[in-house]
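Worksheet: one structure, shown below.
Bear in mind these aren't lab numbers, they're just calculated from the coordinates by the rules spelled out. Because the structure is a prediction, the values reported are computed rather than measured.
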Amino acid sequence: MTSGTNRIMDEFAKLMTDAAGAAQGVRKEIETAFNAQAERWLNTMDVVKREEFEAVREMAIKARDENEALLARVAALEAKLAAKTK
């Protein structure tokens, strides 16, 4: 009788293991579908990715710094020109 009970328990354990594997597969499938749908939704909203935002931000910082340097050079040249015309 003990071998029959052990066999039932083994079969039950196998069934639970298979069910857990199937549930995990379903979970992965749902995650994949959700991520794909979320990406499609974000693409329709014209939302930029973080990497693209950071790249444009760095370009803007560099352009601002160059602009400030050019403004300082123009101011110095204008002062020099004003000193020569006097």
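Relative to the longest principal axis of the Cα atoms of the chain, the long axis of helix 50-85 lies at roughly 10 degrees. To test your reading of the geometry: what angle, between 0 and 90 degrees and rounded to tens, separates the Cα axis of helix 2-44 from the longest principal axis of the chain? So the helix axis and the longest Cα principal axis differ by about 20 degrees.
Note on the chain: Cα Rg divided by 2.2 N^0.38 Å, N the number of residues, gives 2.84.
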